[in-house]
1. What's the number of the only condition in (1) open to solvent by less than 70 Å² (accessible area, probe 1.4 Å); (2) without any contact (Cβ under 8 Å) to a residue 12 or more places away in the chain that residue 66 fails to meet?
2. Taking the stretch 1-42, which residues are free of Cβ contacts under 8 Å to residues at least 40 places away in the same chain, open to solvent by less than 60 Å² (accessible area, probe 1.4 Å), within 23 Å of residue 73 (Cβ to Cβ) and in a strand (DSSP E or B)?
3. Hey, does the stretch 43-66 have a residue that's in a loop (DSSP other than H, G, I, E, B) and acidic (Asp, Glu)?
Amino acid sequence: MTHTIKVNYTNGNEVITKINGTANEVSKHYCQNNIMAWKSNEPQAKRIEFLESELLKEYSSYIYLFIDFEGNGLLQ
């Protein structure tokens, strides 16, 4: 399944891109990237919004929010 997503990062940047996979595979991909980014003090994905996706036939919106690795809540 191909999705068009918007990824918001902790430094304020955002990227719109296409990605293949299930919703769980997409979130896992960015979660794994966040671990590497956190270790190297780089911006992390804080939000993934599905803009175009088969998921939107079932849901009015579909968004993943990420928490930080130190247990402080949602990434800001």
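The values are calculated or read from the model by the stated rules, or taken from the named source; none is laboratory data. No experiment lies behind these values; they were computed from the predicted model shown. Heads up, the Cβs are rebuilt from the backbone with ideal geometry, glycines too, and the neighbour counts pull from every protein chain shown. These accessible areas exclude ligands, DNA and RNA; they are computed on the full protein's heavy atoms, side chains included. Shrake-Rupley method; radii C 1.70, N 1.55, O 1.52, S 1.80 Å.
1. With respect to (1) open to solvent by less than 70 Å² (accessible area, probe 1.4 Å); (2) without any contact (Cβ under 8 Å) to a residue 12 or more places away in the chain, residue 66 is out only on (2).
2. Within the stretch 1-42, 9 is the sole residue that qualifies.
3. First, pick out the residues of the stretch 43-66 that are in a loop (DSSP other than H, G, I, E, B): 43-44, 53, 58-62, 66.
After this cut, where a residue has to be acidic (Asp, Glu) as well, the list is 58.
Yes, the stretch 43-66 has at least one match.
Results for (1) in contact with a Pro (Cβ under 9 Å, 6 or more places away or on another chain); (2) at pLDDT below 90; (3) acidic (Asp, Glu), shown as yes or no for each residue.
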| site | (1), (2), (3) |
| --- | --- |
| 6 | no, no, no |
| 11 | yes, no, no |
| 16 | no, no, no |
| 45 | no, no, no |
| 48 | no, no, no |
| 60 | no, yes, no |
| 67 | no, yes, no |
| 71 | no, yes, no |
| 75 | no, yes, no |
